[in-house]
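A.B. asks: Next up is a structure, given as structure tokens.
Rule-based calculations on the coordinates, nothing more; no lab input. All values derive from a computational prediction rather than experimental measurement. In this analysis, Cβ positions are derived from the backbone assuming ideal geometry, glycine residues included, and neighbour counts consider all displayed protein chains.
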Amino acid sequence: MVSELGRIDEVLSRHHYGRGPQVEPSTEWVPVDEDAPCPRCGSVALCHVSADGRYVHCFLVPSRWPMADGGWLHPVGVPAKGKRPPRRRAAPAPPPPTDEQ
């Protein structure tokens, strides 16, 4: 059952923000971490990425689609205005070969 507040939020979201991306209620969200930071803001603690990699639930960068529990929904592949994509950390270089004979 959807609460009255939920219905109002849904109507307001459609009216003010347009019809957003359709995310299944059963979508599994994976928390970001140091190895895989948020693709939107670079955070390593707050945000989540959908298990299929199609969406980001970012708590720091606003979008047209606010999430019910805070933060905003971002489809992956759509650039955020004024934000550069976070740099991916390169793997450490292997040690140089030794000249043992």
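A.B. asks: Residue-wise, which Karplus ³J(HN,Hα) couplings in Hz belong to the range 40-50, taking 6.51 cos²θ - 1.76 cosθ + 1.60, θ = phi - 60°, and x for glycine or proline?
C.D. replies: 8, 10, x, 4, 10, 9, 8, 8, 9, 10, 5
A.B. asks: Moving to a separate point now. Amide H of V49: which non-local residues (sequence gap of 5 or more, or other chain) have their own amide H closer than 5 Å, using H built in the peptide plane?
C.D. replies: So V49 has HN proximity to V30, V32, H57.
A.B. asks: I need the peptides 67-75, 22-30, 41-49, 54-62 ranked by packing, meaning the mean over residues of other C-beta atoms within 10 angstrom, with the highest value on top.
C.D. replies: Highest mean packing first, the order is 54-62, 41-49, 67-75, 22-30.
A.B. asks: Follow-up question, since we're still on this one. Taking the Cβ-Cβ separation of A93 and A36 as r and a Förster radius of 22 Å, what is the calculated FRET efficiency to the nearest 0.05?
C.D. replies: 0.55
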